[in-house]
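Have a look at the structure below before the remarks.
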Amino acid sequence: MARTAALVDSLKRELRARNITYATVAERLGMSEASVKRMFSQKEFTLSRVDAICEVAGIEFSDLARSLGAQDAVLTQLTQEQEREFVENHKLMAVALATLNYWTFEQIIAFYDLDAAECTRLLARLDRLKFIELMPNNRIRLLVSRAFDWIPDGPIQHFFKEKAQGDFFGSRFDGDNELMVLANGSLSRPSIAALLARLRKTAAEFSEMRSNDAALPSEERAPITLLLAARPWLPDFLRKYRRKSTAAQPRSRNVTARTNV
């Protein structure tokens, strides 16, 4: 079942890379668009149906199957040096984030002030980093795992905290597609462990949604940033009131869980 799901995900990526929508697939197969969406969502295909969709995409089933081998060796994290390169080269970071959101070559150069040659050069660098596979005609295959994450307290996270944090939080978080939850409390160790597990699951679900929605037309997707954080914490403005004679921290933990989408 896992291999079937991976095959369907790979097929979706190939369709997206060619700007082929569910509506186009439905028209070519003589089906309703809703039926095609349901078929991809449930990941239930007959071999003849997969062959037919491959024909719509202009690829061979054998090429699709071979692509699974590349997906088995996906990148889960960059090195410190690679993250520093992203921080020092903002254009490279912009293109990397675009590919992370399954943008096509055409969408990248339409959105950013990059000519085709410069964009190709940046994509080639990402290819050498094994972040993507740059295929003929500047088609892009993302080689990043759904479990991909930036290095904890690494160059990217440092960059966010120093340069982008103020911009990110410069919002009331009361607009469309916005949410901010700030919660404080004292929890037991098992409860804290359960809370952190749920936050990790939310992050994994976010990555899965990003991958599943990649086949949708760009106008049906909006960029969104998710930030999850939790830590034992007593703010500076409260810490100064703590009794100097206190020998140790209380056993209870103050945990702040922050979710921004």
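Only residues that are part of a helix (DSSP H, G or I) and either in contact (Cβ under 8 Å) with a residue 40 or more places away in the chain or open to solvent by 60 Å² or more (accessible area, probe 1.4 Å) (or both): list them for region 109-130, please.
Quick first cut of region 109-130, residues part of a helix (DSSP H, G or I) only: 109-111, 116-128.
Scanning region 109-130 gives 110, 111, 117, 121, 125, 128.
If the requirement is being of a type in the set (Asp, Glu), open to solvent by 30 Å² or more (accessible area, probe 1.4 Å) and part of a loop (DSSP other than H, G, I, E, B), which of these qualifies: 178, 133?
On the way: 133 fails: part of a loop (DSSP other than H, G, I, E, B).
Only one candidate qualifies: 178.
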Quiz item: Restricting the first residue to region 178-196 and requiring it to be over 15 Å from residue 227 (Cα atoms), which pairs with a second residue that is outside any strand (DSSP E or B) meet a Cβ separation below 6 Å and a spacing of at least six or different chains?
Solution: 184/256; 186/252
Quiz item: How many residues does region 135-149 hold that are touching a strand residue (DSSP E or B) at 6+ places or on another chain (Cβ under 9 Å) and not charged (D, E, K, R)?
Solution: 7
Quiz prompt | Residue within region 77-94 that is in contact with a Ser or Thr (Cβ under 6 Å, 6 or more places away or on another chain) and open to solvent by 80 Å² or more (accessible area, probe 1.4 Å) present | solution = no
Quiz item: What number goes with the only condition from (1) at pLDDT 85 or above; (2) among the hydrophobic types (A, V, I, L, M, F, W, C); (3) over 18 Å from the mean Cα position of the chain (by Cα) that residue 68 does not pass?
Solution: (1)
Exercise. Considering only residues that are among the charged types (D, E, K, R) and either in contact with a Phe, Trp or Tyr (Cβ under 7 Å, 6 or more places away or on another chain) or not in a loop (DSSP other than H, G, I, E, B) (or both), look in region 136-158 and name the one that is least open to solvent (accessible area, probe 1.4 Å).
Key: 141
Quiz prompt | Enumeration of residues in region 181-220 that are more than 26 Å from residue 145 (Cβ to Cβ), out of contact with any Leu (no Cβ under 8 Å at 6 or more places or on another chain) and surrounded by 15 or more Cβ atoms within 10 Å (Cβ to Cβ) | solution = 192
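The values are calculated or read from the model by the stated rules, or taken from the named source; none is laboratory data. Remember, predicted model here, so these are calculated numbers, not experimental data. Because the Cβ atoms are built from the backbone with ideal geometry, glycine has one as well, and the counts that use them run over all protein chains shown. When the accessible area is computed, the model is the full protein with side chains, heavy atoms only, and any ligands, DNA or RNA have been set aside. Shrake-Rupley method; radii C 1.70, N 1.55, O 1.52, S 1.80 Å.
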